[in-house]
Amino acid sequence: MAKKTADKKAGSSKPAVSQPQLGFIGMCRWAWRQLTTMRVALILLLVLAMAAIPGSLLPQRIQDPGRVNTFLESNGAWGQFLDTIQMFDVYSSIWFSAIYLLLMISLIGCVIPRSAQHWKAMRSAPPKAPRRLGRMPGYETFTSATGSAESRETADQDFLDAAQARLKRLGYRTVRNTDHVAAERGYLRETGNLVFHIALLVATLTMAIGSLFGYEGQRILVEGDTFTNSLVSYDSFEPGSYYDADNLPDFRLRLDDFHATFDDQAPGSQFGQPRTFDAKVTTTADGKSEKHTLRVNEPVRVAGTGVYLTGNGYAPEVTVKDAKGQVVQSGPQVFIPDGGDPGYTSEGVMKVPDAAGTQMGFVGVFLPTATQNENGELVSSFAGLRNPYLVMSGYTGDLGLDDGTPQSVYTIEAENMTEMTDASGNPLLIQLSPGETQELPDGGSVTFDGVKRYIAVDISQDPTQGLMLASAIAVLLGLGLSLFIPRRRMWVRIKDGQAEVAALARGEDSMVERAAKDLAKDLADETADDSADEAEGRSSGQRKDGAAGPEVARSGKTID
Amino acid sequence: MDVNTDLAMWSNQLIISAMIVYAVAMIFYAFDLFGGRELKQSEAGAASAAKPSNVRRTNRKTTTALLDPPQTDASVETTTGSGRDKPRRGARIGTSLLVLAVILHAAAVLTRALSVMRVPWGNMMEYVLTATAITVIVFLIVNVKKDIRYLGTIVAGGVLLCLGLAITVFYTPAAKLIPALDSYWIAIHVPIAILSTSLLYISAILAVFQILKSSQENKDPKWLRFMRRMPASIDLERFSYTIAAVGFITWTFTLIAGAIWAEVAWSRYWGWDSKEIWTFVVWVIYAAYLHARATRGWGPTKVAVLNLIGIATVIFNFTVVNMYFNGLHSYSGL
Ligand code: HEM
């Protein structure tokens with residue numbers, strides 16, 4: 001709705017556009033002036049907010065390319081269309097970039113002249129008092145101490161001296177004119193506003209640059225595994241456009257032990273929720289080894305690189321022998337937990353290319369705490385290792401590893417394979433508890449030796465993070481100054497003992513009136529004290545009642 | 001995993017008791033707001049009390065908005081009191097009950113926290129429980145500075161509704177945190193987010209009142225008679241803005257602290273996760289709101305509508321994004 005009104009606004013300024021003989025330069029100048037108006041900045045902000053929304057409704061490649069593919073497969077032409085208009089890459093799309101680039105340009109065009117103006121303002125004297133101070137939003141008038149006619153001139157000057165001193169103490173910049181003091185404060189408000197907008201620019205630029213010069217990679221580590229930081233060690237690696245992957249910092253990381261606990265006491269939906277993930281790791285860099293505990297919110301930082309714990313699961317250790325009794329496969333196999341299942345039911349495959357006779361493959365499910373549900377199905381009722389159980393089917397034939405096309409290590413292409421069957425011709429079901437062995441129909445065996453745990457880590461470098469943090473802090477500080485420092489002008493004028501105090505807010509300031517009132521009261525008290533002192537010297541006690549200060553008259557509020 | 005179930009049960013009981021007191025407080029506030037007998041008796045007084053604000057408004061046209069004298073305190077007293085000599089008994093009882101309710105409410109939050117020995121905002125139910133308590137506390141604190149008891153009906157009613165949702169739709173048994181939330185950042189990022197939500201909510205209901213009041217000032221339809229005793233719309237606007245400005249700063253802090261936490265937890269400070277997207281959208285909308293205020297051609301009512309769009313995105317960010325969107329922020333506990 002706001003957009004509509006905004007558009008209407010833009011439309012209503014059209015007549016100005018179609019003025020004749022603007023010429024190309026004129027057009028450019030006009031466009032620039034439009035772009036740097038507050039109104040256009042405002043419209044761009046609203047458009048930016050709206051443009052950001054589709055990224056939360058549709059799957060995005062930067063988050064989950066798999067889900068994007070699924071979406072494309074199930075949505076045909078509609079999906080294709082959305083892809084053409086970059087709806088799956090919203091935040092790097094042409095249209096999204098165009099909006100924020102326009103906003104940035106608008107910002108620059110706005111900040112530069114304002115900085116220049118502010119620079120001037122900061123160095124010029126506060127402006128003189130306007131003729132009619134009574135029009136000001138904060139206004140007080142009162143009679144200062146009355147002296148004799150000849151001393152009044154000096155009394156007035158003394159009064160202005162006092163007023164100037166007091167305003168200075170309140171943080172005003174002041175200038176003394178013949179019959180009044182002019183004062184201004186709150187330059188920091190504008191400074192803050194400029195800092196805020198400039199810091200926003202810097203933050204946006206930093207974000208863009210950071211993604212060019214950093215990198216992010218993933219790796220799975222089973223207990224006992226050591227990761228050496230080089231390109232081949234990564235399961236996946238995404239460098240920024242200008243990242244030099246030959247210069248990966250040199251370090252090693254070993255997963256010594258991983259320990260997870262799950263809640264076995266809480267009722268309802270909280271039962272089985274994870275409570276702690278502690279990975280004990282040893283890092284080695286520059287010849288120094290250090291032990292760390294890597295946790296979800298406690299990355300390990302080594303050699304300018306961050307290592308973050310992003311996932312974990314089980315890796316059943318399985319030994320496979322072929323018909324000749326040779327061990328052809330042995331060791332932990334990473335099984336991937338089903339994300340939605342609190343019981344960590346995990347799926348995995350095992351490829352055995354080197355068996356005598358034919359290649360073998362196994363597809364299986366691992367249940368950390370196997371139980372039968374009410375339908376008699378095997379499920380995992382808890383994520384901890386209470387009753388580990390491995391269920392697999394076996395295949396023989398060609399794994400398709402040799403034709404050169406890259407394969408996922410987590411799936412088997414079973415098209416060219418035949419499923420193993422038992423004696424009665426039914427599909428073979430391998431079901432094992434730790435320590436158990438099952439013979440295979442054509443000879444050979446599968447043994448479930450035990451279970452290891454593994455972790456998934458993100459390893460990443462972003463050289464611009466420090467700058468980003470600095471600009472974020474500048475944004476916050478600038479904003480605080482710009483919203484809460486009152487910018488205000490004040491004038492104190494006196495004529496024949498009749499004093500006027502006026503205040504004018506520049507920008508939002510709920511305290512203008514108060515400021516005028518307080519200053520008037522203070523000045524009145526001060527002069528009263530002075531004259532009370534003097535009076536005491538001459539005729540003591542006479543002016544006691546006047547010590548409360550000369551009468552402070554509140555100005556009539558009806559202006560004009 | 002020792003959860004003190006007795007304390008957790010106490011907490012639930014306290015929520016129910018607080019809700020009952022909130023309901024009664026809301027009724028008393030509603031009597032104050034809609035006037036009933038008092039309004040009729042003092043209609044003449046109210047009408048005359050409304051006048052000065054009209055006079056002031058015409059005066060204001062000669063100056064720019066920024067030059068306006070606020071003069072709110074005085075106008076609140078004269079225009080909200082229905083008849084200067086009539087004490088607003090409904091509002092007074094409402095406020096007393098609200099204080100009682102928030103004590104029960106705070107006790108519910110405290111017992112919940114003690115039952116699990118951690119911060120009481122580890123899932124949606126706890127977030128709502130704490131956020132509503134903070135909202136009432138913010139409301140009461142603001143009230144010390146400035147009489148905004150006319151908002152009482154909506155504050156108490158909103159809190160009642162949210163607590164009702166908390167113990168039904170959002171209900172989550174007391175338990176420890178999941179590792180993803182187990183960080184000291186939860187004690188920095190989340191309470192400031194809660195505070196922002198409370199501030200922006202109060203700013204938004206002020207914006208609603210501002211819109212109603214300005215309609216009453218211009219057309220004075222019958223169904224808006226009760227608005228006659230409100231402060232002038234220009235004062236409501238300014239107050240709504242001041243609170244939104246504070247809320248915007250705390251929201252900016254929330255966003256920055258969230259980004260720092262994201263770096264610690266997920267290896268990047270910004271990744272356009274659905275929660276991040278909506279936090280950004282909220283931020284940009286309130287930035288637009290602040291801009292609109294300083295933009296010529298944007299009248300106070302249009303600006304107030306932006307404020308309402310802002311609170312709509314805040315609520316969307318909390319409810320729909322948490323419950324239905326895919327993302328890393330899967331802490332709803334549902
Ligand atoms: C990324 C885009 C921008 C954002 C997020 C942004 C944000 C903000 C915010 C939050 C304020 C409130 C501070 C205050 O009220 O003092 C503000 C004020 C202001 N902005 Fe921007 N701004 C942006 C772009 C621009 C542009 C392009 C312009 C110039 C055309 C501009 C001009 C101003 C001005 C003049 C104020 C002062 C308003 C006032 O005093 O209330 N901003 N901006």
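The values are calculated or read from the model by the stated rules, or taken from the named source; none is laboratory data. Bear in mind the structure is a predicted one, so any value in this text is a computation, not a measurement. Cβ atoms come from the backbone with ideal geometry, glycine included; neighbour counts cover every protein chain shown. When the accessible area is computed, the model is the full protein with side chains, heavy atoms only, and any ligands, DNA or RNA have been set aside. Shrake-Rupley method; radii C 1.70, N 1.55, O 1.52, S 1.80 Å.
The range A:215-461: percent of C-alpha pairs farther apart than 26 Å? Result: 48 percent of Cα pairs exceed 26 Å. Heavy-atom surface analysis with a 1.4 Å probe gives the protein assembly as shown a carbon and sulfur content of 59 percent of its accessible area.
Each label point was placed 7 Å from the Cα along the Cα-to-Cβ direction; for B:TYR324 and A:ASP341 their separation is 2.9 nm. The calculated 222 nm mean residue ellipticity attributable to helices in the protein assembly as shown amounts to -16500 deg cm²/dmol, summing -39500 (n - 2.57) over DSSP H runs of n ≥ 4 and dividing by all residues. Rounded to the nearest 10 degrees, what's the angle between the helix A:187-213 long axis and the longest principal axis of chain A, both from Cα atoms, 0 to 90? Around 20 degrees separate the two axes.
Filter A:LYS324/A:LYS452; A:LYS168/A:LYS521; A:LYS168/A:LYS517; A:LYS495/A:LYS517; B:LYS146/B:LYS222 down to the pairs with a C-alpha to C-alpha distance above 23 Å, please.
Going by Cα-Cα distance, A:LYS324/A:LYS452; B:LYS146/B:LYS222 fall outside the 23 Å limit.
Computed 3J(HN,Hα) for the range A:373-383, one whole-Hz value per residue from the Karplus formula 6.51 cos²θ - 1.76 cosθ + 1.60 where θ = phi - 60°, is 7, 5, 8, x, 7, 7, 9, 9, 9, 7, 7, glycine and proline marked x.
Quick one: check the C-alpha center-to-center distance for the range A:165-203 versus the range A:223-281, whole angstrom. The range A:165-203 and the range A:223-281 have Cα centres spaced 52 Å from each other.
Label-to-label distance, B:TRP223 versus A:ASP264, with points set 7 angstrom from Cα along the beta-carbon direction: 6.1 nm.
Only protein heavy atoms count here; on that basis, with a 1.4 Å probe, B:TYR171 has an accessible area of about 90 Å².
What FRET efficiency do you get for A:VAL391 and B:TYR171 if R0 is 41 Å and r is their Cβ-Cβ distance, rounded to the nearest 0.05?
The formula returns an efficiency of 0.70 here.
Each Lys and Arg adds +1 at its Cβ and each Asp and Glu adds -1 at its Cβ; summed about the Cα centre, the protein assembly as shown shows a dipole of about 6440 debye. Here B:ARG92 and A:LYS495 are evaluated by their C-beta separation; at R0 = 41 Å the FRET efficiency comes out at 0.25. Taking the average, over residues, of other Cβ atoms within 10 Å as the packing measure, peptides B:196-205, A:385-394, A:362-371 rank B:196-205, A:362-371, A:385-394 from highest down.
As an exercise, take the mean of 1/r over every pair of distinct alpha carbons in the protein assembly as shown, invert it, and state the Kirkwood radius in angstroms. 32.8 Å is the Kirkwood radius here. The modelled label-to-label distance for the pair A:MET27/A:LYS168, using points 7 Å beyond Cα in the direction of Cβ, is 5.9 nm. Ordered by 1.4 Å accessible area with all protein chains kept, A:GLU374, A:GLU419, A:GLU513 run largest first as A:GLU374, A:GLU419, A:GLU513. Ranking A:VAL365, A:VAL352, A:THR284 by Cα position along the charge dipole of the range A:242-374, where only Lys, Arg, Asp and Glu carry charges on their C-beta atoms, puts A:THR284 farthest toward the positive end.
If one computes the Cα centroid of the range A:118-139 and of the range B:273-289, what distance in Å separates the two points? Cα centroid to Cα centroid, the span is 38 Å.
In this view, the solvent-accessible surface of B:PHE34, computed with a 1.4 Å probe and all protein chains in place, comes to about 100 Å². The contact between chain B and chain A removes approximately 5700 Å² from the accessible area (both sides summed; 1.4 Å probe; ligands, DNA and RNA excluded). How much accessible surface area, in Å² rounded to 10, belongs to the heavy atoms of B:ARG228 with a 1.4 Å probe? About 40 Å², ignoring ligands and nucleic acids. For a label point 7 angstrom out from the Cα of A:LYS280 toward its Cβ, which stretches of the range A:212-231 have the backbone nitrogen within less than 20 Å? In the range A:212-231, the label zone of A:LYS280 (backbone N under 20 Å from the point 7 Å along Cα→Cβ) covers A:221-227. Look at the dipole of the protein assembly as shown built from charges on Cβ: of A:PRO126, A:SER482, A:PHE227, the Cα furthest out on the positive end belongs to A:PRO126. Taking Cα centre as origin and charging only the Cβ of basic (Lys, Arg, +1) and acidic (Asp, Glu, -1) residues, the dipole magnitude of the range A:147-259 rounds to 680 debye.
In chain A, the longest principal axis of the Cα atoms and the axis of helix A:512-538 are about 40 degrees apart. Quick one: if the Förster radius is 41 Å, what FRET efficiency do B:ILE20 and A:MET38 give, using the C-beta to C-beta distance and rounding to 0.05? Rounded to the nearest 0.05, the efficiency is 0.25. Coupling constants for the range A:175-180 follow from the phi torsions by the Karplus curve (6.51 cos²θ - 1.76 cosθ + 1.60, θ = phi - 60°), and in residue order they are 9, 9, 10, 4, 10, 7 Hz; glycine and proline get x. On a per residue basis, the protein assembly as shown carries 47 Å² of accessible surface, using protein heavy atoms and a 1.4 Å probe. Shape analysis of the range A:261-332 places it in the oblate category; the axes a ≥ b ≥ c from the Cα gyration tensor give an a/c of at least 1.5, with a/b not above b/c. For the range A:385-508, the fraction of C-alpha pairs more than 21 angstrom apart is 73%.
Give the angle, between 0 and 90 degrees and rounded to the nearest 10, that separates the Cα long axis of helix A:65-84 from the longest principal axis of the Cα atoms of chain A. The angle comes out at about 70 degrees.
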